[in-house]
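Novice: Before I ask anything, let me first share the structure, which is written out below as structure tokens.
The values are calculated or read from the model by the stated rules, or taken from the named source; none is laboratory data. From a predicted model like this one, the values you see are computed outputs, not experimental measurements. Neighbour counts run over all protein chains shown; Cβ positions are idealised from the backbone, glycine included.
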Amino acid sequence: MKASSNKTGRRGGRVGKIALYAVLFLVLLLTMSYHWTIREFGNVGFAEIIFTLNMPLQGTSSTFITSYLLRVLLPCAGIFAGFVIVTELIHRRMRQNAGLWEKWMRMRTLRGVAWALVIAVWLGLLVNSAEGSIGFISYFKSLTQQSGFIADEYVFPAKVKLTFPEKKRNLIYIYLESAETSAQDPANGGLMAENYIPELTQLAKENVSFSQSELIEGASVAPLCGWTMAGIVAETAGLPLKLFKTGDGNIGTSAGVYSGPVPSSAADMATVLQNQLDKGDDNVMEQYTNFLPGAVTLGDILKENGYHNVFMAGSDFVFGGRKNYCLQHGDYEILDYYVARRRRIIRPGYKVWWGFEDEVLYKWAKDELTRLSEAGEPFNFSMITADTHHQDGYVCRLCRNDYDDQYANVWRCASEQLMDFVDWCKQQPFYENTTIVVAGDHCSMDSDFYKEYTYDKHGGETVRKTYNVFINPAVQPVQEKNRLFTTLDLFPTTLAAMGVEIEGERLGLGTNLFSGEKTLPEKYGYEKMFEELKKKSLFYDNEILYP
């Protein structure tokens, strides 16, 4: 009987040890993953992390996967293996001393309590740090709060009278990856010691560039608009990209739905979230047919009015749900990395950074714009660059080494390439009837370059602002400077720049900046607007996400 009891005790001890090792490994992996995320994606909020976890890895730059492997998985495995080996060696030595081993075994309960305290304190410090850097607690807290702000302020584009000019203007819309006015010097409205984007500054001065001051200070970024996919949605639909459905007893993302009671606390919400993530492939946005089916976007409006929509990228356009969004909202012709390979724009097997560099992108864009201009129908040509993506950007053959910081050199190169492309457009026959919009998709996530100017993880960005310029617009603004506005306002503003008359001057949550109509931040202030946008919205769930 005693032997059986000892055997059971040993078995229980082994199970407990394995469980402890498993918990320690997970906590260590979580900690190292968190610090890696902050290092690689400095200006990222928890909402973006959740969105990214719901996305497939397809299209992700291999540099991030390699970095995670080398800086997180392998070091974590090495540290954990070392801990286990040292611990087991100590235990083996202790077993050779019967008295010492017996005392050690009698302390089993005390050891368990001690380890529980260590892990609890460890996790507590980690959560506290995550709240300060990515808004972890605030994110879940916001999901337990209800707001009618979007319901009260959203203007359905389908219900607004839009009057296009008799001769419809073409649109070239350039999403300049992570472009901020912050990269300028203070004399021009930036935050840097010197101006790293002088060509962009020149474009802003010579054309229409809406600003929060008399200088060149662009758009603030509202909550849930601060990463590429969310930025595209903000600028083309006037909407934040909210992730959870919380009405009608359901909760989920735009990738899937969980059926069950609405969580009443942040802790319950976290449990539901983990269950969602555990579903794996069933919770990937790419596998669902509808992306914001209740939204009416720039692509939808232009398609309905006879435009040929095209979106070009030097990466796999599947990444982040971009392809589904553009196909479902405007039936865009997609020109991405894989199309470039098929058409021999790049040689077989060629891949750098996220696909191919912006130099190739601009060259291909010129060929496609020439083709579109000769087709005889109005076109909307959108493109997104990638060289200025964090971390540190991509150094192409055109980049000079003018500065000590690599990202600064990449930005100077990007500024020059953009100016060269705009100058080329101005020389083309189609330019006279074409409006060009250049806008940052979101603020940069480069944690080193902007380390002195942190991003507000709890709300949105107001200190740092995204770049915007409207070249050859059909109208002139009532007030270009000293405006309070966000990237949500670029949706109706783009249409107005094309000469479209907008009844009421508002679409989605955006306001036409060419008009004198007040924007939402001018009406409510940033703090109130941002706080309300973070909260759950039954209107958004039932009218936009799952109508």
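Novice: Give the residues of region 285-307 that are surrounded by 18 or more Cβ atoms within 10 Å (Cβ to Cβ) and modelled with pLDDT under 80, sorted by residue number.
Specialist: Listed by number, the residues that qualify are MET285, GLU286.
Novice: Looking only at region 484-495, decide whether some residue is crowded, with 19+ Cβ neighbours inside 10 Å, of a type in the set (D, E, K, R) and in the same structural domain as THR228 (by TED's automatic domain parsing).
Specialist: yes
Novice: Further question: Could you count how many residues in region 489-540 are within 21 Å of PRO223 (Cα to Cα) and among the hydrophobic types (A, V, I, L, M, F, W, C)?
Specialist: Residues that pass the stated criteria total 11.
Novice: Then there is this: Of these, VAL310, VAL318, VAL296, which one is touching an Asp or Glu at 6+ places or on another chain (Cβ under 7 Å) and closer than 27 Å to PHE164 by Cβ?
Specialist: Numbers: VAL318 fails: closer than 27 Å to PHE164 by Cβ; VAL296 fails: touching an Asp or Glu at 6+ places or on another chain (Cβ under 7 Å).
From the options VAL310, VAL318, VAL296, the qualifying one is VAL310.
Novice: Among the residues of region 308-367 satisfying the criterion of being within 16 Å of ARG397 (Cα to Cα) and basic (Lys, Arg), which is surrounded by the most Cβ atoms within 10 Å (Cβ to Cβ)?
Specialist: LYS351
Novice: Could you identify the single residue in LYS451, LYS535 that is surrounded by fewer than 24 Cβ atoms within 10 Å (Cβ to Cβ), outside the structural domain of THR181 (by TED's automatic domain parsing) and within 24 Å of the chain's Cα centre (by Cα)?
Specialist: Just one listed residue meets the conditions, LYS535.
Novice: Could we say that PHE430 is under 26 Å from PHE210 (Cα atoms), buried (at least 23 other Cβ atoms within 10 Å of the Cβ) and not charged (D, E, K, R) here?
Specialist: no
Novice: Restricting the search to region 210-240, which residues are surrounded by fewer than 24 Cβ atoms within 10 Å (Cβ to Cβ) and touching a strand residue (DSSP E or B) at 6+ places or on another chain (Cβ under 9 Å)?
Specialist: SER211, GLN212, THR228
Novice: Something else about it: In this structure, is ARG371 more than 20 Å from VAL318 (Cβ to Cβ) and part of a loop (DSSP other than H, G, I, E, B)?
Specialist: Details: more than 20 Å from VAL318 (Cβ to Cβ): yes; part of a loop (DSSP other than H, G, I, E, B): no.
So ARG371 fails the test.
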